[in-house]
Amino acid sequence: MSINPGSFVNEKIKRIPPSGIRKFFDLVSQTQGVISLGVGEPDFVTPWHIREACYYSLEKGYTMYTSNYGLPELREEIARYLTKFGLNYNPANEILVTVGVSEAVDLALRALTSPEDEVLIPDPSYVSYAPGAILAGGVPVPLRTYEKDDFKLTAQELKSKITPKSKILILTFPNNPTGAIMTKEDLEAIAKVVEEHNLVVISDEIYCELTYEGQHFSFAALPGMWERTVTLNGFSKAYAMTGWRIGYAAAPKEIIEAMMKIHQFTMLCAPIMGQKAALEALRNGESEMKKMVQSYNQRRNLILNGFKELGLKCFEPKGSFYAFPSIQNTGLTSEEFAERLLIEEKVAVVPGNAFGESGEGFIRCCYAASIANINEALERMSRFLKKL
Ligand code: PLP
């Protein structure tokens with residue numbers, strides 16, 4: 001009898017389509033001399049004092065498990081940090097340190113989703129929410145955002161997608177891939193709908209420090225929203241710490257306890273080395289972080305001016321480190337554009353539709369690349385566009 005090992009795989013997993021960008025990144029890795037505006041990662045190495053704090057902690061023998069919730073002193077620093085956004089959480093039981101925001105997204109979805117619950121997700125947005133909702137037994141429902149609205153989520157769009165099964169709303173601003181932000185007033189309009197329909201909110205604020213206009217505003221700081229919001233944040237983007245894998249969730253204790261149950265039986269705790277480094281980042285990392293943000297802002301202006309000169313229409317991103325120019329007037333699809341740009345001019349960008357259907361007609365360009373590389377990429381793009 002011939003056995004098909006694939007037949008053993010869980011039906012839910014089979015329903016999740018393979019990542020749209022995998023094929024594309026395979027192509028990138030096989031091509032020599034590529035300038036990448038593809039991967040969403042800081043181009044800085046983690047600041048030295050943070051790395052050094054980790055060395056010292058190893059030297060002192062900190063190599064063991066921590067509390068399931070995370071190091072108490074780290075949770076205290078996180079609680080202190082969040083007060084800057086008007087958020088108050090008890091470090092004893094309202095904060096959970098996780099293995100990156102990635103784990104926090106998964107835990108929040110699994111802790112809150114009952115079978116067939118609908119999870120409302122801005123589109124385009126980060127690639128893990130919809131698969132996470134399916135893995136949790138829920139049904140992802142895209143909420144379209146449009147360039148004409150500066151890619152903000154509108155209350156009107158949210159209302160139009162509400163059904164009796166709607167349960168969870170994901171907010172993710174500053175946004176990956178669009179760079180859109182939501183102001184306090186924008187969020188107030190969303191909060192009204194949330195209250196009216198008794199939704200629970202997962203607010204992924206991983207890019208909050210990368211806000212170039214005004215101040216970041218946390219959804220949970222709005223009246224009546226704290227009780228129904230899980231705020232997610234982490235160290236990967238602001239402190240250039242992607243490889244350390246530290247993030248956290250802050251929420252009312254009943255929700256954190258539920259997330260903790262899953263975390264303790266799956267992950268046990270986040271690695272202590274990363275937690276020690278994160279502690280140093282929060283205690284002494286602000287000035288280095290601000291310098292990195294300033295540098296992203298400089299590069300944001302550079303790439304925006306470059307696109308303008310190329311005649312590529314681009315909404316001004318106010319947060320994160322992505323620009324999301326429209327390629328609609330080239331007559332190519334996002335995938336055709338990205339594939340041809342890679343093959344013909346060796347510049348890697350990500351097709352916008354990898355982040356949801358509303359991303360079709362756009363490409364995501366991560367400008368956390370060197371100024372020389374951004375200039376070279378713009379030159380190559382200019383050559384490419386002239387050929388079309
Ligand atoms: N949330 C968003 C919006 C992201 O863009 C990313 C990574 O790109 C993550 C979460 C994952 O972050 P982490 O490295 O903390 O797992």
Inset, instruction - Could you check, for the range 20-34, whether at least one of its residues is over 22 Å from Y126 (Cβ atoms) and under 21 Å from the mean Cα position of the chain (by Cα)? - result: no
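Matching residues to (1) under 22 Å from A238 (Cα atoms); (2) exposed (fewer than 15 other Cβ atoms within 10 Å of the Cβ):
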{"position": "N10", "(1), (2)": "no, yes"}
{"position": "F24", "(1), (2)": "no, no"}
{"position": "G38", "(1), (2)": "yes, no"}
{"position": "P47", "(1), (2)": "yes, no"}
{"position": "Y56", "(1), (2)": "no, yes"}
{"position": "F85", "(1), (2)": "yes, no"}
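Suppose we filter the range 217-246 for residues that are over 18 Å from the mean Cα position of the chain (by Cα) and not hydrophobic (A, V, I, L, M, F, W, C); how many remain?
Keep residues of the range 217-246 that are over 18 Å from the mean Cα position of the chain (by Cα), which gives 221-228.
Add one more test, that the residue is not hydrophobic (A, V, I, L, M, F, W, C), and what stays is 223-224, 227-228.
Residues in the range 217-246 being over 18 Å from the mean Cα position of the chain (by Cα) and not hydrophobic (A, V, I, L, M, F, W, C): 4 in total.
Would you say L96 is outside any loop (DSSP other than H, G, I, E, B), within 16 Å of the ligand (Cβ to nearest atom) and touching a His at 6+ places or on another chain (Cβ under 9 Å)? Break it down stepwise before answering.
Values: outside any loop (DSSP other than H, G, I, E, B): yes; within 16 Å of the ligand (Cβ to nearest atom): yes; touching a His at 6+ places or on another chain (Cβ under 9 Å): yes.
Yes, satisfied.
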Inset, instruction - Within the range 230-244, identify whether any single residue is among the hydrophobic types (A, V, I, L, M, F, W, C) and more than 16 Å from the ligand (Cβ to nearest atom), and answer yes or no. - result: no
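Pick out the one residue from L312, L302 that is over 16 Å from K237 (Cα atoms) and touching a strand residue (DSSP E or B) at 6+ places or on another chain (Cβ under 9 Å). Talk me through it step by step, then tell me what you get.
Working: L302 fails: touching a strand residue (DSSP E or B) at 6+ places or on another chain (Cβ under 9 Å).
Every option except L312 fails the conditions.
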Inset, instruction - Restricting attention to the range 245-260, report how many residues are touching a residue at least 40 places away in the same chain (Cβ under 8 Å) and away from the ligand (no atom under 16 Å from the Cβ). - result: 8
Inset, instruction - Mind listing whichever residues of the range 362-388 are in contact with a strand residue (DSSP E or B) (Cβ under 6 Å, 6 or more places away or on another chain) and farther than 17 Å from V34 by Cβ? - result: F362
Inset, instruction - Output the residues belonging to the range 343-356 that are farther than 14 Å from T178 by Cβ, part of a helix (DSSP H, G or I) and in contact with a Lys or Arg (Cβ under 9 Å, 6 or more places away or on another chain). - result: E344, E345
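Provide a single number: the residues in the range 99-125 that are within 14 Å of the ligand (Cβ to nearest atom) and under 22 Å from N68 (Cα atoms). Break it down into steps so the answer makes sense when it comes.
Applying the first criterion (within 14 Å of the ligand (Cβ to nearest atom)) to the range 99-125 yields 99-109, 121-125.
Checking which are under 22 Å from N68 (Cα atoms) leaves us with 99-109.
Summing the residues that are within 14 Å of the ligand (Cβ to nearest atom) and under 22 Å from N68 (Cα atoms) in the range 99-125 gives 11.
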Legend entry - Candidates G352, G361 - the one that is in contact (Cβ under 8 Å) with a residue 40 or more places away in the chain and either closer than 19 Å to G311 by Cα or not β-branched (V, I, T) (or both): G352
Legend entry - Number of the condition not met by L222 [criteria: (1) away from the ligand (no atom under 16 Å from the Cβ); (2) touching a strand residue (DSSP E or B) at 6+ places or on another chain (Cβ under 6 Å); (3) not polar (S, T, N, Q)]: (2)
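Is it the case that the range 143-154 has a residue that's at positive phi and crowded, with 23+ Cβ neighbours inside 10 Å?
Going residue by residue through the range 143-154, those that are at positive phi are 150-151.
Going one step further and asking which of them are crowded, with 23+ Cβ neighbours inside 10 Å, we end up with 151.
Yes, because at least one residue in the range 143-154 is at positive phi and crowded, with 23+ Cβ neighbours inside 10 Å.
Being modelled with pLDDT of 95 or more, within 19 Å of E205 (Cα to Cα) and not small (G, A, S) narrows it down to one residue among E77, E157; which is it? Outline the logic, then answer.
Details: E157 fails: within 19 Å of E205 (Cα to Cα).
The match here is E77.
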Inset, instruction - Starting from residues that are under 18 Å from the mean Cα position of the chain (by Cα) and in a loop (DSSP other than H, G, I, E, B), keep the ones in the range 184-214 and report whichever is farthest from the ligand (Cβ to nearest atom). - result: Y212
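Can you pull out every residue in the range 57-79 that is in contact (Cβ under 8 Å) with a residue 12 or more places away in the chain and not in a loop (DSSP other than H, G, I, E, B)? Don't jump to the end; show me each part of the working.
The first filter runs over the range 57-79 and keeps only residues in contact (Cβ under 8 Å) with a residue 12 or more places away in the chain, leaving 57-58, 62-79.
Residues satisfying the conditions are S57, L58, P72, E73, L74, R75, E76, E77, I78, A79.
Every residue, every condition in (1) within 26 Å of D123 (Cβ to Cβ); (2) surrounded by 24 or more Cβ atoms within 10 Å (Cβ to Cβ), yes or no:
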residue	(1), (2)
G319	yes, yes
T330	yes, no
E360	yes, no
A372	no, no
L378	no, no
R383	no, no
Legend entry - Test: residue in the range 284-298 that is under 27 Å from L109 (Cα atoms) and within 23 Å of the chain's Cα centre (by Cα): no
Inset, instruction - Could you run through the range 259-285 and say how many residues are crowded, with 19+ Cβ neighbours inside 10 Å and basic (K, R)? - result: 1
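The values are calculated or read from the model by the stated rules, or taken from the named source; none is laboratory data. Bear in mind the structure is a predicted one, so any value in this text is a computation, not a measurement. Note that we place each Cβ from the backbone using ideal geometry, even for glycine, and neighbour counts take in every protein chain shown.
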